[in-house]
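The values are calculated or read from the model by the stated rules, or taken from the named source; none is laboratory data. In this text, all values refer to a predicted model and were calculated from it rather than measured experimentally. Counting neighbours? That spans all protein chains shown, and the Cβs are built from the backbone with ideal geometry, glycine included. To get the accessible areas, we keep the full protein, side chains included, count just its heavy atoms, and leave off ligands, DNA and RNA. Shrake-Rupley method; radii C 1.70, N 1.55, O 1.52, S 1.80 Å.
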Amino acid sequence: MKKAFFLLLLASLAGAAYGFSEVLTYLKGSASTDAITLDWQSGTETGVRSYAIERSDAKSNDFREIGSLTAKGNNSSYNYRDAAINGAPISGSASNHGFVPLSDLYKYRLRLNYDNAVSYSQTISVSKPIAGVKRTWGMIKEMFR
């Protein structure tokens, strides 16, 4: 417990030194029938090399990297489409990192990669589209035919 607290404190101090709080203007997610799309806007990206997109299901804090984007520079807009929520392969990745989505609610965060440090954005939650409920209702109706 003390070690975890010390690492969290060290990360906070490193974040203050790098000015992590000024890097992201916003991070938001939206769901469509076939994917969840994350959008974010950067502020000052001094020293940021890349953004790693990480996902977890609602019942866990086991975040796994599902993709990454290279930093473009100050005041840039980014988006990432997560089609793996419907069983599609993760684009640009040879494997699914052993993560099989089984939830209707997902948590996302960004890992900001610097030369000698990392920082994490706030965590956001996004619900899987309701179209899955229609498929389930159709399956229930079939049972009674």
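Within the stretch 38-78, the set of residues being touching a Leu at 6+ places or on another chain (Cβ under 7 Å), more than 17 Å from TYR26 (Cα to Cα) and not in a loop (DSSP other than H, G, I, E, B) comprises ASP57 only. Applying the condition of being within 14 Å of SER119 (Cβ to Cβ) and of a type in the set (A, V, I, L, M) to the stretch 26-52 and asking which residue is farthest from the chain's Cα centre (by Cα) yields VAL48.
The lone criterion from (1) open to solvent by less than 40 Å² (accessible area, probe 1.4 Å); (2) modelled with pLDDT under 85 left unmet by ASP104 is number (1).
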